[in-house]
1. Report whether or not Leu47 is assigned to a helix (DSSP H, G or I), at pLDDT below 95 and of a type in the set (A, V, I, L, M, F, W, C).
2. Of all residues in region 10-44, count the ones that are in a loop (DSSP other than H, G, I, E, B) and within 12 Å of the chain's Cα centre (by Cα).
3. Out of all the residues in region 154-192, which are outside any strand (DSSP E or B), buried (at least 20 other Cβ atoms within 10 Å of the Cβ) and not hydrophobic (A, V, I, L, M, F, W, C)?
4. Among the residues of region 90-111, what is the count of those that are in contact with a Gly (Cβ under 9 Å, 6 or more places away or on another chain) and charged (D, E, K, R)?
5. In region 215-241, what residues are modelled with pLDDT of 90 or more and part of a loop (DSSP other than H, G, I, E, B)?
6. Tell me which residues, restricted to region 84-99, are surrounded by 21 or more Cβ atoms within 10 Å (Cβ to Cβ) and at pLDDT 90 or above.
7. Which one of these does Phe79 not meet: (1) surrounded by 14 or more Cβ atoms within 10 Å (Cβ to Cβ); (2) in a loop (DSSP other than H, G, I, E, B); (3) modelled with pLDDT under 95; (4) hydrophobic (A, V, I, L, M, F, W, C)?
8. Return the pair list, or none, for Cβ contacts closer than 9 Å from residues in region 108-124 that are without any contact (Cβ under 8 Å) to a residue 60 or more places away in the chain and outside any helix (DSSP H, G or I) to residues that are among the acidic types (Asp, Glu) and surrounded by 18 or more Cβ atoms within 10 Å (Cβ to Cβ), at least 6 apart or on different chains.
Amino acid sequence: MCALDLAKGKERMNKILSSPQEAVADIADGSIIMFGGFGVAGVPFTLIRALYQKGTRNITAISNSAGGRLEDSDLSVLFRNKQIKKVIASYPVQAGKVNLFEQQYLKGEVELEMVPQGTFVERIRAGGAGIAGFYTPTGTGTIVGEGKEKRIFGGKEYLLEIALKADFALIKAHKGDRMGNLTYRMASRNFNPVMATAAKITIAEVDEIVEVGELNPETIITPGIFVDRIVKGERHEVRFE
């Protein structure tokens, strides 16, 4: 292999982009997007802000929550700009506080598919594993089971749940290298690794970009094969959780 081939190979393996705006530039109207995060931990704030600036509309957002804790940084900015048409979530509203999603939902401006949290993450995992669906007892006899196929196993009723997949996954990691290998910091890991496997294009926002070989292989949670783009995130000060 000649030096030119080696140089081209290294260039193809370099997934680092110069800006969050470049990272989200091809996210089109009508896209299905997964957003990592639990509360304020592991939320890709910088990528969300870039998507807000781009103005992509009619988004189907797959996220544990619909924002509202940091209204100038989380998914709230997308609701403020009326960019989201549907939410698939397990924790869309907050006790004691009406977030922007809830306001729009009550007006009929945005759709909601409510999913129990364990079912939510398993549907994403199934999407990443190439599994079309699975049966679970969670939600039987409740509004969650309305309209879903039901089967009896061992004398117990189960619901058929369909896998979740997305056009894009916007995730947050602690460190990443140019090949896309990612590590996470404590609770910020949450839904990010599983979402990275279930999208056509995964874009990772990281706190720190390191050289290939600097990450301990034992700490790499998301291998680079699942990551298409990496961007350095802006610093967001979080005062509470």
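The values are calculated or read from the model by the stated rules, or taken from the named source; none is laboratory data. Everything numeric in this text was worked out from a predicted model, so none of it was measured. Counting neighbours? That spans all protein chains shown, and the Cβs are built from the backbone with ideal geometry, glycine included.
1. Values: assigned to a helix (DSSP H, G or I): yes; at pLDDT below 95: no; of a type in the set (A, V, I, L, M, F, W, C): yes.
Here the answer is no, as Leu47 does not meet what is asked.
2. So the count comes out to 5.
3. Passing the criteria: Gly180, Asn181, Tyr184, Arg189, Asn190, Asn192.
4. 2
5. Leu215, Asn216, Ile220, Ile221, Pro223, Val227, Asp228
6. Ile84, Val87, Ile88, Ala89 - these are the residues of region 84-99 that are surrounded by 21 or more Cβ atoms within 10 Å (Cβ to Cβ) and at pLDDT 90 or above.
7. In the conditions (1) surrounded by 14 or more Cβ atoms within 10 Å (Cβ to Cβ); (2) in a loop (DSSP other than H, G, I, E, B); (3) modelled with pLDDT under 95; (4) hydrophobic (A, V, I, L, M, F, W, C), Phe79 misses (2) alone.
8. Val115/Glu161
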